[in-house]
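The values are calculated or read from the model by the stated rules, or taken from the named source; none is laboratory data. For clarity, every value in this text was computed on a predicted model and none was experimentally measured. All Cβ positions, glycine included, derive from the backbone under ideal geometry; neighbour counts span all protein chains shown.
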Amino acid sequence: MKQATEGQFPTGLTTLDARYYTSTEIFAAAREKVFFNSWQFVCHESQVAAVGDYWAFSLFDQDLFIARGKDNQLRCFYNVCKHRGHTLVEGSGNKRVVVCPYHAWTYELSGELRGAPGTKGLAGLDLSGICLTEVALDTLFGFVFINMNPAPASLATTFPGVAEDILALCPDIAERKHANSVAIEKQANWLVAVENYNECYHCKHVHPTFASGVIDPGSYNIYPFVQSDGTAVRCLRHAAKAQTSQEAWYDTSGSDYGSFYLWPAFSLQIYPSGVVNSYHWRPLAVDRTEVHRGWYSNSGQIDEVINRVITLDRQTTVAEDAELVKNVQRGLNSRGYRPGPLVLNPEQGIESEHSIAALHNWVRADLGEFS
Ligand code: FES
Ligand SMILES: [Fe+2]
């Protein structure tokens, strides 16, 4: 089986230039080159389980929706009518067909145009073959992703070896259903929020309840995922032993902690004993990001453990990080800010920023060099 190994980085690296986090031009470039060209998490399959279920969402200024067709297939479409451009659906729910609110053109859940009022027999009007524009969709253990690149590599090809690693830590992950989710707006650039998530150098003194309630901080490490054949994957693997002290939030004795951040804006977390949860980040503006937390159980209900973890997570880790990223964003706008040194301990561990160095490499590769 393919295994993750730990990546190494030269010392002497510094953080990125402030413009990566503050420039509207670089933000616009990230929209095109990063977010419209990668797999973006939408929701869990259990949230669109029945034929006719749909789920509308937006990425930047692009409105999209996923729908489950009569053939039980999930598809993603741009949420725009092929007539004169009205949006088609809002929110989520169940429909037999999709009817445009403007002139009532009607589409099958497979995207084909089924009918348009007043058009029968009209000479010179050929509506055959009209179909909503489809967007690539793929799933990972029930987690639904879409990709606006017209011909993307599959999730399995983009993140080789990761599914096997997830399964090794949480063998019954495919049985989970969505139980709860919440969105929190953060006053920071998406990359500030993603960097904050992907290092635990700050955990011991900022997140004492997480560090004493969920993970054993001494064992924590975050490293770029590299396959056994040396292929680097744009995934950051967080790993730690479970915290089993008396302060543990729940019975954590079942299995260890692991998290799988998939570039650029999703992370699947397995808290000890298989408590599955997710993060995804949606950029709203150069200095605003919506952070979504999701929780998943086999019953699809918030059980006692999840209820406790959700509450503690919101009151502690999420709130603590919101303050950090807001203040970093403010600092990045300071005329006194200069890129600072990254802490790269060859031994890695919780006090090393190897993961940030990897993120910066991917940012530079996609957006180019700015200094
Ligand atoms: S814009 Fe949709 S039917 Fe006219
Ligand atoms: Fe944090």
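Worth a mention:
- Among residues of segment 153-165 that are within 13 Å of residue 261 (Cα to Cα) and without any contact (Cβ under 8 Å) to a residue 40 or more places away in the chain, those with a Cβ under 9 angstrom from a residue that is surrounded by 14 or more Cβ atoms within 10 Å (Cβ to Cβ) and of a type outside the set (D, E, K, R), sequence gap 6+ or separate chain, pair up as 163/140; 163/141; 163/155.
- If you go through segment 313-348 and keep only what is buried (at least 17 other Cβ atoms within 10 Å of the Cβ) and either among the small types (Gly, Ala, Ser) or away from ligand 2 (no atom under 14 Å from the Cβ) (or both), you end up with 322, 329, 332, 342, 344, 348.
- Residue pairs meeting the criteria (Cβ under 7 Å; at least 6 apart or on separate chains; first in the same structural domain as residue 53 (by TED's automatic domain parsing), in segment 82-103; second away from ligand 2 (no atom under 16 Å from the Cβ) and basic (Lys, Arg)): 97/114; 102/84
- A count restricted to segment 122-144 and to residues that are of a type in the set (Val, Ile, Thr) and either more than 15 Å from ligand 1 (Cβ to nearest atom) or touching a helix residue (DSSP H, G or I) at 6+ places or on another chain (Cβ under 6 Å) (or both) stands at 3.
- Of all the criteria given as (1) modelled with pLDDT of 95 or more; (2) surrounded by 20 or more Cβ atoms within 10 Å (Cβ to Cβ); (3) in contact with a Lys or Arg (Cβ under 8 Å, 6 or more places away or on another chain), the one not satisfied by residue 256 is (2).
- Residue within segment 196-205 that is within 16 Å of ligand 2 (Cβ to nearest atom) and either in contact with a Cys (Cβ under 8 Å, 6 or more places away or on another chain) or free of Cβ contacts under 8 Å to residues at least 12 places away in the same chain (or both) present: yes
- Checked across segment 102-121, the condition of being hydroxyl-bearing (Ser, Thr, Tyr), within 15 Å of ligand 1 (Cβ to nearest atom) and within 16 Å of residue 74 (Cα to Cα) holds for at least one residue.
- Note on segment 1-120: enclosed strands (runs of 3 or more DSSP E) holding 3 or more residues that are under 29 Å from residue 354 (Cα atoms) are 40-44.
- Single condition residue 272 does not satisfy, out of (1) touching a residue at least 40 places away in the same chain (Cβ under 8 Å); (2) in contact with a Gly (Cβ under 7 Å, 6 or more places away or on another chain); (3) surrounded by fewer than 21 Cβ atoms within 10 Å (Cβ to Cβ): (3)
- Residues located in segment 57-69, provided they are touching a Phe, Trp or Tyr at 6+ places or on another chain (Cβ under 8 Å) and surrounded by fewer than 19 Cβ atoms within 10 Å (Cβ to Cβ): 59, 60, 62, 63
- Only one of the numbered conditions (1) touching a residue at least 60 places away in the same chain (Cβ under 8 Å); (2) of a type in the set (S, T, N, Q); (3) in a helix (DSSP H, G or I) is violated by residue 348, and that is (3).
- Residues that are in contact with a His (Cβ under 7 Å, 6 or more places away or on another chain), buried (at least 18 other Cβ atoms within 10 Å of the Cβ) and modelled with pLDDT of 95 or more do occur in segment 105-112, at least one of them.
- Residue pairs whose Cβ atoms lie under 8 Å apart, sitting 6 or more positions apart in sequence or on different chains, and linking a residue in segment 120-142 that is in the same structural domain as residue 83 (by TED's automatic domain parsing) and touching a residue at least 12 places away in the same chain (Cβ under 8 Å) to a partner that is β-branched (Val, Ile, Thr) and assigned to a loop (DSSP other than H, G, I, E, B), are 127/119; 132/80; 133/80.
- Condition met for residue 264 (assigned to a loop (DSSP other than H, G, I, E, B), within 12 Å of the chain's Cα centre (by Cα), crowded, with 22+ Cβ neighbours inside 10 Å and outside the structural domain of residue 44 (by TED's automatic domain parsing)): yes
- Residue match in segment 223-240 (condition: more than 18 Å from the chain's Cα centre (by Cα), among the hydroxyl-bearing types (Ser, Thr, Tyr) and either under 21 Å from residue 182 (Cβ atoms) or within 14 Å of ligand 2 (Cβ to nearest atom) (or both)): no
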